[in-house]
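Right, one structure below, let's go through it.
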2 protein chains.
Amino acid sequence: MSYHKPEAKTVQDLKDLAQKLRIHSINSTQASKSGHPTSCASLAEIMSVLFFQQLRLNVKHPRDPSSDRLILSKGHAAPILYAAWAETGLFSVEDLKNLRKIDSDLEGHPTPRLNFIDVGTGSLGQGVAVGAGMAYVGKNFDKADYRTYVIVGDGESAEGSVWESLHFAGYYNLDNLCVIFDVNRLGQSEATSLQHKMEVYRDRLESFGFNALVVDGHDIDELCKAFHCAANTKSKPTAIIAKTFKGKDFPNIEDLDNWHGKPLGDQADKVIKHLQGLMVNPNVKLAPKKVGKTGLAPEVDINNVKLCAPPNYKLGDSVATRLAYGTALAKIAADNDRVIALDGDTKNSTFSDKLKNAFPERHIECFIAEQNLVGVAIGAACRRRTVAFVSTFATFFTRAYDQIRMGAISQTNVNFVGSHCGCSIGEDGPSQMGLEDIAMFRTIPGSTIFYPSDAVSTERAVELAANTKGVCFIRTSRPNTCVIYNNDEPFTIGRGKVVRQKPSDEVLLIGAGITLYECLAAADQLEKDCITVRVIDPFTVKPLDVDLIVEHGKQCGGRVVVVEDHYQQGGLGEAVLSALAEQRNFVVKHLFVPTVPRSGPPAVLIDMFGISARNVVLAVNAILKK
Amino acid sequence: MSYHKPEAKTVQDLKDLAQKLRIHSINSTQASKSGHPTSCASLAEIMSVLFFQQLRLNVKHPRDPSSDRLILSKGHAAPILYAAWAETGLFSVEDLKNLRKIDSDLEGHPTPRLNFIDVGTGSLGQGVAVGAGMAYVGKNFDKADYRTYVIVGDGESAEGSVWESLHFAGYYNLDNLCVIFDVNRLGQSEATSLQHKMEVYRDRLESFGFNALVVDGHDIDELCKAFHCAANTKSKPTAIIAKTFKGKDFPNIEDLDNWHGKPLGDQADKVIKHLQGLMVNPNVKLAPKKVGKTGLAPEVDINNVKLCAPPNYKLGDSVATRLAYGTALAKIAADNDRVIALDGDTKNSTFSDKLKNAFPERHIECFIAEQNLVGVAIGAACRRRTVAFVSTFATFFTRAYDQIRMGAISQTNVNFVGSHCGCSIGEDGPSQMGLEDIAMFRTIPGSTIFYPSDAVSTERAVELAANTKGVCFIRTSRPNTCVIYNNDEPFTIGRGKVVRQKPSDEVLLIGAGITLYECLAAADQLEKDCITVRVIDPFTVKPLDVDLIVEHGKQCGGRVVVVEDHYQQGGLGEAVLSALAEQRNFVVKHLFVPTVPRSGPPAVLIDMFGISARNVVLAVNAILKK
């Protein structure tokens, strides 16, 4: 498509509007007495062109699935994003003065408490992954015309996560993605390492598979032309590398150090007067483009996702829960064509390849780049376009803890599945063992944590996770475990199962995954010595079935032994302790992996590190004296 | 320096030695019935040339500070690394058959349990950061001749952390660093995204500031020449991009899918026979180069680091603990010239800039790239060359959780300092609030966690951390807090302080940071209603002063209230619950931040999210009924 320059009047209006956005950013940060007006100023022309020349928006329904997406990865420039939306008419310009106030959703950094925000930003370097996820869905699943724009700060482009995502976007030819780099030269505490070396940015982006355009980020014409080029470049994403100045058009502030994250204070009036003097029409008012009539995103129903067939095992079968995960994943994918899986080159270990084998187009290989893996999933799940399951080794999710944390702020519904938990993986050694994954996912606000112990409960965990709001985590194990539930056994979030009991029980044992079986084996051994114990499978660690534990714990004299293939801190044991915190007359022995394990056979390791049936027997004998 | 080709005899010996290393790798993984022989095979010529042509080693003392460093970032190729060291004579070739056995330190992935390993690898993409840290120290602090080599797999080069580190190495002109990319085309579950696109690797590496050399990774001549070029290239690090084949020289296995992480099984004998057939001298024996007599690393003493002057505050002064951190950091840096600080462009918020102002050359700016920040620190602290303090916002350490986790496996002594903890940071909002940092650092085996509440205790925490083995974490707060300790108050790891007590106390309150002051304010209010409570400042959350809490808790009727500016899971509250797990007759009320906070004034937020003095008073009144 050939390019027609916008008319001079349009260009002048966009210039004026950029100054208006600068003024709003100053006023709102003056009102809040905090915030980042200089980081907004470098973006003013970019925002003006984006909102009033490029983005096709549905201002009445900002999350219209057919509208263009914009992610402000440099979330600290929130004031200018809010200002642009106010100028579209979504809410009143007066509201901007409520920035950062306790009763306003115009927070310091954007969150989806606002109806025009898809994901929380503010921890840097995460926006490109989210945008790439949206673009992947737009191109491959929605097959719709909407485009995705991401604004990245030059400071945050030092984050490796950004380069993971750029590579992903280049590899998958996401030509519906446009990443704008706001190269304003200055970081928080000093200049960025690359300052204004625009050619270095260009070389890097080209080598990562982008159509890379270097522009003057304060020139409306150049920006319009670059966005046009982006929209008309096929089979490659575009990067617009904008040379800008922090605090642009703020006299005695522009391009100077020590103005990061500071309102202008007593300089504000003077600066605003200067900006007004630069405007031709101080009352300029523009409207964004509307969503077109064609190329719309299809309607999607991701409610009530079901296993297409119930679990099909025999009691006593020996099946790894990670394998049952793969089986269940393929089953829910057969039920709903918006179920997708993402993996980081571990699909033949996590068994997410079972979905790939059945529905190859719905498996997104993200290679060994877990931060991008998680970010793409969060993007793919935005606006309820997909039900996303992300899998890798449980411990490798530590790589994406910040993304998962931000996922909670983003109100994401992504499901995480971590295999190879605990020292029971054996010979590969401690670098591959998930021993802190429960602790990590428990800290995520609103998360649900499944720790199924057999294949039947694993399949139900997958089905439940698909329909549960918030972050879900399913912890799967490497070794085979025995099927102990009937195929029609019902499972509910927050409800555990008593898997062994007698009226004479003196101690309550709680285990999950491989330690549930160690508890059962210990119970067998103890019974030979005429000690009977009760055993609970919690099914979900969060929420934990507090009532069940309290009730059965009391029946066992308040004696509880918790055994887990996890470090002491933040896992099942401390979850139980939290549940019992306000109960007097309980005593808890906690068996856990006490230190960095080593390579060796699984059975040897679980005994050496204190979580085998033998250790449980010792703990029961010790607690009986309490 | 002009290049002289090695003699034909030497080349043939190196070729033979490469085959010998392949055979060792097959034999050891056959014995262990697990492991990654094909990932070793692609590296055989590289290892042969490195060990017997390049590296200057002290085989008797592998951690000689003057010897060259080698980091095998693709840790799953451990068998060939072990084989190479066995061939140097460090230990017997027979030992290789103990690979992955429970009583051998030849684990599945390398750990520093072996005296020739500096850091644990196996979680991918971390080696370059560590190597860059070593190289930075070698060039800038040791000013010594040793060189650092890092071997990176092509699969793991998808990790963004790798690109953070490459940028760092390029930016700081680390010409004593050589990164070898083993581009063997195949990942675990499918081909890598770039396969054998050698020119893409070259473009990327050049754009990241490297001298980039593409070579045939199985050609001894080319490798020797490339290493020579690397050693003689000034002001730039070198990348040797080696085109290789996974399973090289293994007939019917080379370059084929589905051979990742599998011993050769019944193919082994045939393959070994084939390899032997390729050798001219099956008994080839070579020796590595020795460490030279000049350019040695200086002796360094990092024991007994002290504040150069004691804390100097007045009781009642109002000082943020983050500021006291900066003050103390500069003081220990004045005491010992091996104290260094690293930051991720937050130095004017964490106050690590106080060290920079005093000793600019000892502050390493790592820009916004936390994974590399942590990795560089771990590298810098290896072989006890420096005492490294790493600072950023507490919550941004989640970005480097995997690096910190591997740091524990690496037995690192790095000190982490996280500022801006909790919702008490206020208007910036939840993305900037550390609310899971204690949980994260508590899971690190052997970690020590300081949570000082005033400036005096913060300075002592810094001094103690500098001298403490293992990972240390110091949590600092943004708001000013009152100085409550005398300048000569002694502090000890694992010992808390009773900061308020009366014989009539009915409830024990435990708080830290800003919540300690909320506890004290609550105590004042309660006293007006004739309820007296005891208050403990734990000082360290890990180890926690269990005896003190049990003793004083008992004196308060077993009633404990814990208040923390952190999520429920894994923090101070659950640490207290773990400490009291085996005590009957305790009841604990835990006040914590229950959900994602929002932007607002600190005082409003801590009340809204349930951790203010008012909330403590309510909790005390409630627990008195228990």
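The values are calculated or read from the model by the stated rules, or taken from the named source; none is laboratory data. What you see is a predicted model; the values in this text were computed from it and never measured. Backbone-built Cβ (ideal geometry, glycine too); neighbour counts: all protein chains shown. For accessibility, only protein heavy atoms count, side chains too; no ligands or nucleic acids. Shrake-Rupley method; radii C 1.70, N 1.55, O 1.52, S 1.80 Å.
Structure summary
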item	result
Three semi-axes of the equivalent ellipsoid, chain A, Cα gyration tensor, whole Å, largest first	52, 25, 21
Estimated FRET transfer efficiency (A:Ala8, A:Ala334; beta-carbon r; R0 51 Å; 0.05)	0.30
Under 5 Å, built H, 5+ apart or other chain: amide partners of A:Arg478	A:His420, A:Cys421
Cα gyration tensor category, rounded, prolate or oblate, for the protein assembly as shown with a/c compared to 1.5	rounded
Rounded, prolate or oblate (a/c below 1.5 giving rounded, otherwise prolate when a/b exceeds b/c) for the range A:406-522 by Cα gyration tensor	oblate
14 Å beta-carbon shell around B:His363, net charge (K/R +1, D/E -1)	-2
Calculated FRET efficiency for the pair A:Lys97/A:Thr492, C-beta based, R₀ 51 Å, to 0.05	0.60
Helix axis angle, B:268-278 relative to chain B longest principal axis, alpha carbon, degrees	50 degrees
Charge sum, other residues only, whose C-beta stays under 10 Å from B:Gln555's C-beta, Lys/Arg counted +1 and Asp/Glu -1	-1
P(r) histogram, all alpha-carbon pairs of the range B:34-165 included - 10 Å bins from 0, percent	12, 44, 36, 8, 0
Residue-averaged beta-carbon neighbours from other chains (10 angstrom radius) around B:443-452	3
Nearest-first distances (nm) between copies at A:Lys528, label 7 Å from Cα via Cβ	6.6
Exam field: B:Cys482 pseudo-label spacings to other copies (7 Å along Cα-Cβ), nanometres	6.1
Whole-number accessible area per residue in Å² for the range B:1-114, which is evaluated in the context of all protein chains at 1.4 Å	32 Å²
Shielding by partners - mean other protein chain Cβ count within 10 Å, residues of A:421-432	6
Teacher prompt: B:Gln195 distances to equivalent labels in other copies, 7 Å Cα→Cβ, nm	4.2
Inter-part distance where the range A:345-405 and the range B:564-626 are each reduced to a Cα centre, Å	35 Å
Cα-based Lys proximity count in the range A:471-579, under 21 Å, for pairs eight or more positions apart or on separate chains	4
Which listed pairs, of B:Lys197/B:Lys293; A:Lys197/B:Lys331; A:Lys331/B:Lys33; A:Lys354/B:Lys262; A:Lys9/A:Lys243, have C-alpha distances above 30 Å, in listed order	B:Lys197/B:Lys293; A:Lys197/B:Lys331; A:Lys331/B:Lys33
Local electrostatic count at A:Thr540 - Lys and Arg +1, Asp and Glu -1, tallied over other residues with Cβ under 12 Å	+4
Shielding by partners - mean other protein chain Cβ count within 10 Å, residues of B:344-357	3
Accessible-area value, A:Lys356, 1.4 Å probe, nucleic acids and ligands omitted, Å²	60 Å²
Difference of contour (0.36 nm per residue) and Cα-Cα distance, A:Asn252 to A:Lys197	17.5 nm
Alpha carbon centroid spacing (whole Å) that separates the range B:47-91 from the range B:528-557	52 Å
With every protein chain in place, chain B: carbon and sulfur % of accessible area (1.4 Å)	49 percent
Helix axis angle, A:220-231 relative to chain A longest principal axis, alpha carbon, degrees	40 degrees
Using alpha-carbon coordinates, inclination of helix A:514-528 to the longest axis of chain A, degrees	20 degrees
Accessible area that becomes buried as B packs against A, both chains, 1.4 Å probe, Å², nearest 100	8800 Å²
Cα gyration tensor shape for the range A:497-625, rounded if a/c is under 1.5, else prolate or oblate	oblate
Relative compactness, the range A:230-387, computed as alpha-carbon Rg over 2.2 N^0.38 Å	1.72
